[in-house]
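The values are calculated or read from the model by the stated rules, or taken from the named source; none is laboratory data. The model shown is predicted, which means the values in this text are computed figures rather than measured ones. Backbone-built Cβ (ideal geometry, glycine too); neighbour counts: all protein chains shown.
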Amino acid sequence: MLFALIVLHAVCGTVALVGGRRLGRSAWLVGGCAPAAAMVWSVVDRPSLIDDGVQQTVEWVPALGLTLDLRADAFSALMLLLVSGVGTAVFVYGWHYFGRSTIGPRVAGLLTLFAGAMFGVVVADNVLALFVFWELTSITSYLLIGAKDDEREARAAAQHALLVTGLGGLVMLAGLVLLGQEAGTYRISEMLGADLSGSAVSGAVVLILIGAFTKSAQYPFHSWLPGAMVAPTPISAYLHSAAMVKLGVYLVARLAPVVADIGVWRPLLVTVGLLTMIAGGLRALRPFDLKQLLAFGTISQLGFLIVLFGIGHPEATAAGCALLLAHGLFKAALFMVVGIVDHETHTRDVRQLPSLEHGWTPAKVVAVISAASMAGVPPLAGFIAKEKAYEAFVHGSGGDRLVLVAIALGSVLTMAYSLRFITSLLRPDAISPSDSPRAPADHSPRRMFLAPAGVLTILTAVLGVAPGLWSGVVDRAARALDPQSSASLKLWHGFNTALVLSLATWVAGALVFALRRPLSVVQNRLAPPVTGDHVYGAIVRGVPRFARRLTAVVQPGSLPLYAGVILLTAATAPLIALASGDAWSGWPEFVGDPAHLPIAALLIVGALAATVARRRFAAVILLGIVGYGMALLFVIQGAPDLALTQFGVETLFVVVFLLVMRRLPDRFERRDSRLGRGARLAAAIGFGAFVSLVALVAASSRTSPSVSQTMPEAAYTDGFGSNVVNVILVDIRGLDTLGEITVLVAAGIGVAALARSGRRTRRDPARAIDTPTGEVSA
Amino acid sequence: MRLRSIILDTTVRVVFDAALMLSLYFLFAGHNQPGGGFVGGLIAAAALALRYVAGGLSAVIGVVRVPPRLFLGIGLVVSCSTALWTLRASAEPLDQRAFEWTMPLIGDVKLTTATIFDIGVYLVVVGLVLTALTAFEEQAAARTAADIDPDGEP
């Protein structure tokens, strides 16, 4: 069933993409089938999912032992409910949001593919399969952020997201492979029993966490997420609040049982998570753009989740599971409301927002309830999750108390930015006073447009009032991660420390919001001058600049220099090996065969003559003579295949040289200084001497019998041929030959393309207009 | 148009056919005697190159009649499909097979999949040289035209 659902996503997504404009608005129906089916399945099959989990193994390439291992346990079920549930809501929302927009069908198709990739990550049991699905979410996210591809800003933001999350994914792959090698298995379910320790595992943990941090927009990799808000709001509501950015949290939660005891795991996660929670909360107090506010709020909440899952506390894990669901519900609803405001009033900037009066009440109710859940106000789902988190740390050690203080501080900020969000919608003048009274909005949203956000908000409220509904699911999910953890979610725990903390948080949060003017002055003073965006920009600009400078140094365009470097390297590198080893075994026999003497004389005379020839044509012919002389040597040594090849190559070589030489002057130029000629002479003599030396040593340093001794027989029995050379080429090393002829084909295409491109710039009048000189040929 | 040497022209014509036959011989004999697809292809290419030196591109095109890139493509397809076919028949790609028949008049005939693979190599080598010859010729022609055309870039 798991695999079938992934395939269903792929098929629905592809149909929506291929159908494109022909499908029009119904692309949302086609695409929405997949997440809806996933949601129905995870609800209907919930008992078996959360009790024993579901496993499936798909044989892929049996000969190589490649299988696709899928496994869904109770925690996967929680993620699946979130991803498919919010996904279905987003598809309904997107149907209204995009209307008859031309990019609608493409967005629908990509969203479906994205949902499939999310599904894959959550149910993958093999870390490599997990990586593949993980990168698929990065790629679909890239395409979705850049959905409005005619906007430069959208393209830049998409690239930013892809570079950061893609690079993080590659780093994570290195960590996953390292972890898999150390554990001796790539299956997450089998890693649990492995005995993991040592510096290699620590390294793997750090690499994997970098991947998780980039995906979940943790400091210092957070800067792509606010930029990604240029995407149409259905995309932000799904990818950048409820689903994709939770993947980093998912990975941390999933691997925590395996590697939580490795030294770096907890300190790194708790530090980064708390830093992100507080810094994100502070940044969320400043923007006027409502989506930006929500984006920084999301960053802050993701930091909170990372802390909860990273600290390895059974109760904190349970609180994390609850918050995962609660956050998905309220944040997606809030994004949807902002999208509706943006859609109806064409702005989401508080400073330009019209006053939302007539018919906006349902939207405002949704926003207030969801934001209250975000701030942790009872009786809503967010309150229950946050209360659970406080409780987890209240009874802990001294270190836990410290974390609790930081979390409370983050929650104060959450309360403050929630208030800022609500006030922005209800009374925008309180945030940004304007001189002229705000005009009322032209029209209000239709009921159906608001329905998905409404359903999510109702869920937020119902889950808050009746915690028993989700207590079981959260409890099982937490147990799947940590058998000691248990979550009995309750609305009223009695008057305890956690409740006092909550009360203090609300009061302090309200205070921070009330004092926003003086605080913002302080904040502007204290704000670091360099933001993540600046760093990213500097890197993106710096790398090509560095590459250009490096290229200018190593590729100056001088052929003699290239040749000199290559020859000297070839001459000296083997010399080091010769000097360090005891390879010299004396001179070989000086003249092996009298027939060698005339050929040697021919070779030497031809080579020397080529160096002193004044005309290029003569030099080429002389080089050809050297080549034929080599072929003769092969003949005498009993290598007819080699000789034939050498003859053929030499002939072609001379012809091709002649073709090239039509472009060059007839005679060599002699503009070299005495010094330059001396250097060339030294390089040539040095190269010749060293190559001769290496040849002498190599010929006499055999230590074991040659592998070619058994080949003549093997050639006939295995390769059905008595020409060993040929059998090696077509059978024993047949794949090499296949690779080589592929290179030949590529070279042929390259030669043809080069010649064509040279011609077109000269001949094609249409292109001539574009040339910098601006001359137009007649 | 460059001057042609009648002696060269005629000699090349005579040698050309012999060289092509030789290349085919090397191609098919290669599995058991000196030769093979690569050598055969080189000899055929050298023959074509001689033809080119003697008569220019038109002479070569007159002999070949199909676009050079077709040689490259067909050659690669032939070799790759041999590799895939052997992969289907056994676990390893390019684990060659042999087939023997007894045909009337000719006697025993043995055909190995290696020969088919070699035909692909032969075609690729010939195609590469033809592509290079054509490309150089086209570029040279373009350059000459640009030199003559007073408005063109120098």
note = Within the range B:51-67, the residues that are under 16 Å from residue B:128 (Cβ atoms) and not in a helix (DSSP H, G or I) are B:66, B:67
task = Consider residue A:424 carefully, then state whether it is at pLDDT below 80 and among the polar types (S, T, N, Q).
result = no
query = Does the range B:8-19 contain any residue that is at pLDDT below 75 and within 12 Å of chain A (Cβ to nearest Cβ)?
reply = no
message = Here is a check on your reading of the model: is residue A:14 under 27 Å from the mean Cα position of the chain (by Cα), among the hydroxyl-bearing types (Ser, Thr, Tyr) and closer than 18 Å to residue A:125 by Cα?
response = no
Residue in the range A:659-673 that is closer than 21 Å to residue B:40 by Cβ and away from chain B (no Cβ under 14 Å) present = no
query = From the residues in the range B:63-115 that are surrounded by fewer than 11 Cβ atoms within 10 Å (Cβ to Cβ) and either at pLDDT 75 or above or within 7 Å of chain A (Cβ to nearest Cβ) (or both), which one is farthest from the chain's Cα centre (by Cα)?
reply = B:91
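Table: residues versus (1) of a type in the set (Lys, Arg); (2) free of Cβ contacts under 8 Å to residues at least 24 places away in the same chain; (3) in contact with a Ser or Thr (Cβ under 9 Å, 6 or more places away or on another chain).
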{"position": "A:228", "(1), (2), (3)": "no, no, yes"}
{"position": "A:262", "(1), (2), (3)": "no, no, yes"}
{"position": "A:274", "(1), (2), (3)": "no, no, no"}
{"position": "A:280", "(1), (2), (3)": "no, no, yes"}
{"position": "A:286", "(1), (2), (3)": "yes, no, yes"}
{"position": "A:305", "(1), (2), (3)": "no, no, yes"}
ask   = Residues of the range A:136-168 being buried (at least 24 other Cβ atoms within 10 Å of the Cβ) and within 22 Å of residue A:201 (Cα to Cα), which ones?
value = A:168
task = Identify all residues within the range B:28-42 that are in a helix (DSSP H, G or I) and surrounded by 24 or more Cβ atoms within 10 Å (Cβ to Cβ); write none if there are none.
result = B:37, B:38, B:39, B:40, B:41, B:42
remark   = If we keep only residues of the range B:43-59 that are within 10 Å of chain A (Cβ to nearest Cβ) and within 11 Å of residue B:19 (Cβ to Cβ), then the residue surrounded by the most Cβ atoms within 10 Å (Cβ to Cβ) is B:43
inquiry  = Given (1) at pLDDT 90 or above; (2) farther than 19 Å from residue A:325 by Cα, identify the lone condition not met by residue A:82.
reply    = (2)
inquiry  = Going by what's in this entry, would residue A:492 be described as closer than 19 Å to residue A:379 by Cβ, in a loop (DSSP other than H, G, I, E, B) and over 38 Å from the mean Cα position of the chain (by Cα)?
reply    = yes
inquiry  = For a quick check of your reading: which helices (runs of 4 or more DSSP H) sit entirely within the range A:230-313 and have at least 3 residues that are out of contact with any Pro (no Cβ under 7 Å at 6 or more places or on another chain) and within 23 Å of residue A:411 (Cα to Cα)?
reply    = A:246-259, A:265-283, A:290-310
message = Looking at A:609, A:618, A:571 in this structure, which one is within 20 Å of residue A:690 (Cα to Cα) and assigned to a helix (DSSP H, G or I)?
response = A:571
message = Among the residues of the range A:378-391, are any farther than 19 Å from residue A:492 by Cβ and at pLDDT 85 or above?
response = no
task = Might you let me know whether the range A:472-494 holds any residue that is closer than 29 Å to residue A:78 by Cα, without any contact (Cβ under 8 Å) to a residue 60 or more places away in the chain and surrounded by 12 or more Cβ atoms within 10 Å (Cβ to Cβ)?
result = yes
Any hit, the range A:747-762, residues being within 14 Å of another protein chain (Cβ to nearest Cβ), within 30 Å of residue A:573 (Cα to Cα) and either at pLDDT below 70 or surrounded by 11 or more Cβ atoms within 10 Å (Cβ to Cβ) (or both) = yes
request  = State all residues of the range A:707-727 that are facing chain B (nearest Cβ under 10 Å) and either part of a helix (DSSP H, G or I) or surrounded by 22 or more Cβ atoms within 10 Å (Cβ to Cβ) (or both); if no residue qualifies, say none.
outcome  = A:715, A:716, A:718, A:719, A:720, A:721, A:723, A:725, A:726, A:727
message = Pairs please, first residue from the range A:339-367 and closer than 12 Å to residue A:449 by Cα and small (Gly, Ala, Ser), second anywhere and at pLDDT 90 or above and buried (at least 22 other Cβ atoms within 10 Å of the Cβ), Cβ atoms under 7 Å, 6+ apart in sequence or on different chains.
response = A:339/A:97; A:339/A:233; A:339/A:234; A:339/A:237; A:363/A:337; A:363/A:340; A:363/A:450
query = In the range A:237-282, which residues are of a type in the set (Gly, Ala, Ser) and modelled with pLDDT of 90 or more?
reply = A:237, A:248, A:253, A:273, A:279, A:280, A:281
request  = Residues that are closer than 27 Å to residue A:82 by Cα: find the helices (runs of 4 or more DSSP H) completely inside the range A:355-466 holding 1 or more of those.
outcome  = A:361-375, A:381-394, A:398-426, A:447-465
